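Enquirer: Just passing along the structure, written as structure tokens.
The values are calculated or read from the model by the stated rules, or taken from the named source; none is laboratory data. What you see is a predicted model, and the numbers here were worked out from it, not measured in a lab. Glycine gets a Cβ as well: all are built from the backbone with ideal geometry, and neighbour counts include every protein chain shown. The accessibility values were calculated without ligands, DNA or RNA, using every heavy atom of the protein model including side chains. Shrake-Rupley method; radii C 1.70, N 1.55, O 1.52, S 1.80 Å.
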Amino acid sequence: MDAHNSSTRERILKMRDVRISFNTANGVVHAVRGVNLDVYRGETVAIVGESGSGKSVTVKQVMGIRSHNEVIEGGSAEFIYTDEKGERRIVDLISLSDGEMTKLKGNHIAMVFQDPLTSLDPTMTIERQLAEGITYHQHLVGKALHERCVELLDLVGITDVEARLKSYPHQLSGGMRQRVVIAIALSCNPELLICDEPTTALDVTIQARILELILEIQRKTHVAVIFITHNLGVVAKVADYVNVMYAGKIVEAGTSEDIFFDPRHPYTWGLLSSMPSVLSKTEARLYTIKGNPPNMLNEIVGDAFAPRNPFALEIDFEKEPPCFDVNNHHWAATWLLDGRAPKIEMPEQLRVRIAQLKGSEDIGYE
Ligand SMILES: Nc1ncnc2c1ncn2[C@@H]1O[C@H](COP(=O)(O)OP(=O)(O)O)[C@@H](O)[C@H]1O
Ligand SMILES: [Mg+2]
């Protein structure tokens, strides 16, 4: 958790001012409006925010996955990696050619999606699907290839491996399929693994096991993980760093401790307040953030969260807030942190809740 104190952190992804729009029949959707994101080797970075806030579109840029109606308005996504010859390379993933991206994909960057069924081919055995990437990138064949397949299923906690390798996706449970997808993603030892809501389609007990698995793999392989979820409770268990996203922007970023124990953006306050907590099962009604996210077809003036923000200042409706540093690993884009702003504290109920959480073993969100 105190990875930020280490001077040896090695940045592998640096996204700056990434802006993505979509042309639609109704006009231009400004889906991602200037995202900055850093990922360091071996660390887990979470992106959390309501559905539609731009999480998937942001990480798809890293994988070169683009829709036909997508417009890259600007920005860069530097990826730093070591190539096959052992040379350090820096590429901008946003402007990379399809050919170059194909070489990086699977080999250096891999992605796990929400629904394992869409990532697996129903007509191919698990072994063939695992073998495909390994053959393409690592040129293994025969016995060595088979052994690597066995090793990968072991890594993701699948038992009875020989039988499983001969199975087809429909013969496996949802949780098992997601393990296979993770095994495929890890097959070429990527430096960066992107998990886009990897547990959302699974039932709650399986979700917990898949999360535990991702953590375990990370401890073993030191792969960096970008973990996307709309569920803050999941984040508390997995992330070193948390990025809170709202209406196409990251509005607060910090370590898990910063975000859970010292949140500064009113949107983060709302998210935390609206989470069921193991310590507050007696609370009759959970807080909900009133209103809806803005329509991204419209131009946003000021702070996008202002209309839903009970603490909004006049300036929030007029001028977009810059990022204010809280400390050297925590910032938030809210005018409340400006020196001239009136002193506004987080809601009392949330303050009490955080105080309770600090004293408890588990961070306590579910
Ligand atoms: N191909 C597309 N055409 C038009 N709008 C899109 C397209 N892809 C995504 N969007 C819009 O971009 C916004 C962000 O989407 P997304 O990144 O999928 O959100 P999240 O992953 O946070 O739920 C949404 O408003 C979504 O409707
Ligand atoms: Mg998404």
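Enquirer: In a Gaussian network model over the chain where Cα atoms closer than 10 Å are linked, find which of ILE109, ILE228, ILE315 has the largest mean-square fluctuation.
Expert: Top of the fluctuation ranking is ILE315.
Enquirer: Further question on the same structure: Restrict the search to the stretch 282-331; then list the GluC sites (Glu not before Pro) that DSSP places in a loop and that have at most 11 other Cβ atoms within 10 Å of their Cβ.
Expert: GLU299
Enquirer: Just name one of VAL91, VAL150, HIS30: the one whose Cα is farthest towards the positive end of the charge dipole of the stretch 10-239 (beta-carbon charges, Lys/Arg +1, Asp/Glu -1).
Expert: Positive-end residue among those listed: VAL91.
Enquirer: Running a GNM on the chain with Cα contacts under 10 Å, which residue among ASP203, ASP316, ASP38 ends up with the highest mean-square fluctuation?
Expert: ASP203
Enquirer: Please report, to one decimal in angstroms, the Kirkwood hydrodynamic radius of the stretch 10-239 built from all distinct Cα-Cα pairs.
Expert: Hydrodynamic radius (Kirkwood, Cα pairs) of the stretch 10-239 is 18.3 Å.
Enquirer: No solvent, one uniform scatterer per C-alpha: report log10 I(q)/I(0) for the stretch 246-358 via the Debye equation at q = 0.09, 0.11, 0.21, 0.23 1/Å, two decimals.
Expert: Taking Cα atoms of the stretch 246-358 as identical point scatterers yields -0.24, -0.37, -1.25, -1.42.
Enquirer: What is the spin-label model distance, in nm, from ALA144 to VAL204 if the labels are put 7 Å beyond Cα along the C-beta direction?
Expert: It is 4.8 nm.
Enquirer: Show me the helices of the chain, taken as full DSSP H stretches, that run 24 Å or more along their long axis by Cα and average -1.0 or above in Kyte-Doolittle hydropathy.
Expert: Result, helices passing both filters: 204-221.
Enquirer: Given points 7 Å out from each Cα along the Cα-Cβ axis, report the ASN69 to GLU132 separation in nanometres with one decimal.
Expert: Placing both labels 7 Å along Cα→Cβ, they lie 2.8 nm apart.
Enquirer: With the full set of protein chains in place, find how many percent of the accessible area of the stretch 165-315 is carbon and sulfur; take the probe as 1.4 Å.
Expert: 52
Enquirer: When the dipole is taken about the Cα centre of the chain, and only Lys, Arg (+1) and Asp, Glu (-1) are charged at their Cβ, what size is it in debye, to the nearest 20?
Expert: The calculation lands at about 240 debye.
Enquirer: Find, among the trypsin sites (Lys or Arg not before Pro) in the stretch 144-205, those assigned to loop by DSSP (not H, G, I, E, B) with at most 12 other beta-carbon atoms within 10 angstrom.
Expert: Qualifying residues, ordered by number: LYS166.
Enquirer: Taking the radius of gyration and the Kirkwood hydrodynamic radius from Cα positions alone, what is the Rg/Rh ratio for the stretch 161-245, to two decimal places?
Expert: My calculation puts Rg/Rh at 0.97.
Enquirer: Find the centroid of the Cα atoms in the stretch 249-268 and in the stretch 155-228, then give the distance between the two in whole Å.
Expert: 28
Enquirer: Give the accessible surface of the stretch 218-308 per residue, rounded to a whole number of Å², with probe radius 1.4 Å and ligands, DNA and RNA excluded.
Expert: Each residue of the stretch 218-308 exposes 41 Å² on average to a 1.4 Å probe.
Enquirer: Using DSSP, restrict attention to beta bridges with both residues in the chain and report what percent are antiparallel, rounded to the nearest 5.
Expert: Around 65 percent of the beta bridges assigned by DSSP in the chain are antiparallel ones.
Enquirer: What three numbers, in Å, describe the spread of the alpha carbons of the stretch 1-118 along their principal axes, ordered from the longest?
Expert: 48, 35, 33
Enquirer: Can you work out the Karplus-derived ³J(HN,Hα) for every residue in the stretch 326-336? Use 6.51 cos²θ - 1.76 cosθ + 1.60 with θ = phi - 60°, whole Hz, and x for glycine or proline.
Expert: Values per residue, Gly and Pro as x: 8, 8, 6, 9, 9, 9, 8, 9, 8, 5, 4 Hz.
Enquirer: Need one number for the stretch 111-200: average projected area of the convex hull over its C-alpha atoms, nm².
Expert: 5.4
Enquirer: Which one, VAL150, VAL48, VAL251, has the greatest fluctuation when you compute a Gaussian network model over the chain with C-alpha springs under 10 angstrom?
Expert: Maximum among the listed residues: VAL150.
Enquirer: To continue, here is another question. Give me the 1.4 Å probe accessible area per residue for the stretch 49-133, excluding ligands and nucleic acids, in Å².
Expert: Per-residue accessible area for the stretch 49-133 comes out at 49 Å².
Enquirer: Quick one: of LYS319/LYS358; LYS143/LYS220; LYS290/LYS343; LYS55/LYS166; LYS60/LYS143; LYS14/LYS290, which pairs are farther than 30 Å apart, Cα to Cα?
Expert: In this structure, LYS319/LYS358; LYS55/LYS166; LYS60/LYS143; LYS14/LYS290 exceed 30 Å between Cα atoms.
Enquirer: About its Cα centre, how strong a charge dipole does the stretch 246-358 have in debye, to the nearest 20, once Lys and Arg get +1 and Asp and Glu get -1 at the Cβ?
Expert: 480
Enquirer: Taking the Cα-to-Cβ direction at ASN189 and at TYR168 and moving 7 Å from each Cα, how far apart do the two end points lie in nm?
Expert: 3.5
Enquirer: Further, regarding this structure: With n ≥ 4 as the cut-off for DSSP H runs, can you work out [θ] at 222 nm for the chain, using -39500 (n - 2.57) per run divided by the number of residues, rounded to the nearest 500?
Expert: That calculation yields -9000 deg cm²/dmol at 222 nm.
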